[in-house]
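Scroll down for the structure; my scribbles are underneath it.
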Amino acid sequence: MNSEDLLKVAKPSRYLGGELHSVIKNPQRVKLTFALAFPDVYEVGMSHLGFQILYSLLNEIPEIACERVFAPWPDMENLLREQGLPLCSLESSRPLKEFSLLGFSLQYELNYTGVLNILDLAGIPLRASQRDEEYPLVIGGGPCALNPEPLAHFFDLFVLGDGEEAVPEVCRAVMASKEKGEKKAVLLERLAGIEGVYIPSFFDPEYAGDGRLRRILPLKPGYSHVTRRVLADLDKGPFPSRPVLPFMEVIHDRLNLEIARGCTRGCRFCQAGMIYRPLRERSPRRILEIAKTGLESTGHDEVSLLSLSTGDYSCIEPLLSSILDHTRGGRIAVSLPSLRVETLTPALIQRILEVRKTGFTLAPEAGTERLRRVINKGNTQEDLLSTLERVFSAGWRSIKLYFMIGLPTEEEKDLEGIAHLCREALNLARRSRASAQINVSVSTFIPKAHTPFQWEAQSFPEEVERKQRFLRRSLDRRGLEFKWADPRVSLLEGIFARGDRKLSGLLEAAYFLGCRLDGWGEHFRYDLWEKALSQSGLNPSFYLRARDLEEILPWDHLHSRVSKSFLRQEREKALANLCTADCRQASCNGCGVCYGVDGLSNRCAEWERGSELSSPPPKKTHPSLPVRRFRARLTKAGPARFLGHLDFSRGIIRAFRRAGVPLAFSQGFHPLPKIAFGPPLPVGYESWAEYLDFQVWGDFLPEKALLRLNEALFPGVEFLALEEIPLPFPSIFDNISSILYGLSFPGGLNTDADRLAQFGKADAFRVSWARKKKDIDLKKVVESLTQVDSVTIQIRMIPSPEGALRPEEALGYIIGWAEGQKPRFAVKKIQVCFKDPQPCPTRS
């Protein structure tokens, strides 16, 4: 069954959705429905922790039903448009315009066309001024909401800052407004009273003749600016204990734990380091609770400790030790994806090494110590080289180094410094490991709002390309892998990062010209963006230029809590090559966030006696207990039939973990569970005869394990039998004699019985196998063919060394279907016959 056939018979909700821990509520029994939208594809959106937090906390409120929606891939978008179907939510396939609220997570400027695409596919007018009470209230949040002006005409409101408290308050206000039957204008007045809520229609920007802002005019008395919302204590905020577990592999496919929010380092280019202040560390006790429940509920094999600088967490070493002590028996790795060079200590390296090696990314950012002082990075070349020596001496084979080009005050010496530093790093690494690899990633500096560099110019693509060519030549050496960002993508990111409301016309023009998924290289169409720029009459130079310090900036009415005077002061220190100390280690730097009327301040965690995980770690297997091997028979039906083999296998392995099955693991740097699956089942097939082999250590009761596994599995999958087999028993692949399939045709099977009889009597039946471009004899791969009734045929296939001929292909050649004449059908795998006595006998 090809993808087109699947689309004919499948409901949209079956492609994604139905995942473990997803929530479906009856919309008739709630007061408010919330569509949580991510303007990029599912694989990206489901990797974002903030998205999972909001989904969980909203569904914990009984009066609210929250469902998800993502930007579709182009083929799905085309299908929706061809069929005249609206974009629907994932959980219930409900059209988006039937929801009360539609909330977008705004993480990246190149996702903005995704916002318009979701609105358009949902049949919702793009501009807020065109939407009345009949349409959902459109909300935006995330880091891009700190300068949302390019999107202001499309949104009803934005939530600035942390959403854990603000978003439920918005929902309660909407519910109260609905009960009173208020018009949209009255509702917006009500919402403006919530801290952190920005209503763009309540401000009117006025422009001078040169295109710069003359002023930003408040239209509502007492509403002249909006201040970022802050969750003061992470321990008091919600965090999902049972995160939604995707079937497919997503970008960050692991258990993500936020251990801290905010940063005190003060890197001058870093927007996140400014807009997430103050630093708030989650307590070790709470982190360990989340880790324990999260692993038990998901079956992930990796925990990622997230923050802007994970190595700076006050209790990182005892925290890491406690997690590893608890998870070592299950071969669960721990990764620290965000590390400063000087925080990667020998102790951290050694602890991470105990289970399996996860990747390391270190970010020197600049090639010389002078430029690192400019950006307030604060580490030295000696720090980097000594850290690399420790990493490679511990057995790592590769590491990633991250740099930026185009930083303020950058000179040719700084570019040469990147090349020199990378070559030195490789030489040092090769002393420990001859095959060592340094992956060098270079991005373009983009000035961001609310940072000390918000006034600086951004380099044009031509200049960026010249620098990239220099680095490509300088790093052309075996062992150095050089990757760079497309300067045209950086150009657009820079335009929107410091843009104003005039960019809404550019965004609409680009969208209607066909721009989609602009952050994906294979879909990025710069030629269309150039055409849109021409149509809108906007000049990129205006947005990439340096700003005057007295110029009114498009986001000046949106307060990040970091004072503008502090940002200016930091800019002056940057130009003087001066560093600013970490306020956690030194005195207050006066950024304006702490010690105000809200009483905010840095919150550093402390390790308390007894913080270790209360439950005992997994029991270690006694050396005398043997490894045992089992063969399982299971189903793959219902929604599970739309899972590919890799996604299905990943889901099964996670179910083993959730069920607590003591799997045996391979040896080496990357131990894997000893599970072997049978032949992959084509997407769309159902099966009552899938098989897998697995090995366990010692104390294992198959009857109890069968119950636990079936409790842990996802819809459409059930273990039917477990039988112990000898360790040297032939593999599933080697032992298959034949496979019986049933093909059903809902519209009836109109075929010539003589063709079936002719095939049965023939000694040979040669055909040209189109998919493999070869001639084969069907009599050598089809053992029997039986028409059960007017809608069902059973066909028994024999494995062939020439490849896996599908039953519908064989039937098509026998019946003689012409191209495009194949009727709709469904395939079910009924039985597998083994050469040796079958360990798992078929049960009715």
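The values are calculated or read from the model by the stated rules, or taken from the named source; none is laboratory data. None of the values given here were measured: they were computed from a predicted structure. Note: ideal-geometry Cβ built from the backbone for every residue, glycine included; neighbour counts use all protein chains shown. Heavy atoms of the whole protein, side chains included, go into the accessibility calculation; ligands, DNA and RNA do not. Shrake-Rupley method; radii C 1.70, N 1.55, O 1.52, S 1.80 Å.
A few comments on the model shown:
- The modelled label-to-label distance for the pair Ser241/Glu412, using points 7 Å beyond Cα in the direction of Cβ, is 6.3 nm.
- Spatial offset of region 97-164 relative to region 698-776 amounts to 48 Å, using the alpha carbon center of each.
- For the chain, pairs of C-alpha atoms spaced more than 47 angstrom apart make up 31 percent of the total.
- Ratio of the Cα radius of gyration of region 196-248 to 2.2 N^0.38 Å, where N counts its residues: 1.97
- The angle between the Cα long axis of helix 487-497 and the main principal axis of the chain comes to about 60°, on a 0 to 90 degree scale.
- Unit Cα scatterers, Debye sum, region 383-532: log10 I(q)/I(0) for q = 0.11, 0.16, 0.17 Å⁻¹: -0.55, -0.94, -1.00
- Cα-Cα separations in region 474-552 greater than 18 Å, expressed as whole percent: 49 percent
- A Förster distance of 56 Å, applied to the separation of the beta-carbon atoms of Cys833 and Asp598, puts the FRET efficiency at 0.20.
- Hydrodynamic analysis of region 714-836 uses the Kirkwood radius over alpha carbon pairs. Inserted into Stokes-Einstein at 25 °C and 0.890 mPa s, it gives a translational diffusion coefficient of 152 µm²/s.
- If you take the Cα centroid of region 455-489 and the Cα centroid of region 331-386, the two points sit 23 Å apart.
- Value of Rg to Rh for region 151-241 (Rh from inverse mean 1/r over Cα pairs, i.e. Kirkwood): 1.05
- Loop-resident sites, region 394-467, for GluC sites (Glu not before Pro), counting at most 13 other Cβ within 10 Å (DSSP): Glu411
- For region 772-820, the set of trypsin sites (Lys or Arg not before Pro) satisfying both a DSSP loop assignment and a count of at most 14 other C-beta atoms within 10 Å is given as Lys772, Lys773.
- Cβ charges +1 (Lys, Arg) and -1 (Asp, Glu), total dipole of region 193-241, debye: 100 debye
- Global geometry of region 40-119, whether rounded, prolate or oblate, following the gyration tensor of its Cα atoms and the 1.5 cut on a/c: oblate
- Per residue, the accessible area of the chain comes to 42 Å² when a 1.4 Å probe rolls over the protein heavy atoms.
- Relative to the longest principal axis of the Cα atoms of the chain, the long axis of helix 284-298 lies at roughly 30 degrees.
- Inter-site label distance for Tyr207 and Glu530 at 7 Å from Cα along Cβ, in nm: 2.4 nm
- Take every DSSP beta bridge whose two residues both sit in the chain; close to 55 percent of them are antiparallel.
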